[in-house]
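Please treat every number below as a calculation from the coordinates, not as lab data. Everything numeric in this text was worked out from a predicted model, so none of it was measured. Backbone-built Cβ (ideal geometry, glycine too); neighbour counts: all protein chains shown.
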Amino acid sequence: MKPFYTILGNSLAAAVVNNFVWFAVTFWVFLETQSVIATSILAGVLTITIARHEPAVSRRKIMMAELASQGLVGGVHVISSNPLLSAPDSQPPYRRTSTRA
């Protein structure tokens, strides 16, 4: 039973560190770009990365359902970013500029 707990502890530590790193990267991207779209794209990359590395654990049907779901979410992101990209002004409508002197 000792090897099981060793592997369990190692997997738990790796999962916690991985989540903290992804949160830090996502937060840094938001601070640098002030763009929610950029952070959502990064979340999509994380989701796809997890689904691509999970086939050893998941069955084929589950993986196909995850990939179909990610494709649908990616399509929604593309459709919803269309108004933002086709806006006539160069500054996105959700970004506010400071009026303080």
Distance between modelled label sites at Val76 and Phe20, nm, 7 Å Cα→Cβ extension
3.2 nm
Counting alpha carbon pairs within less than 8 Å and at least 6 residues apart, what relative contact order, in whole percent, applies to region 2-80?
19 percent
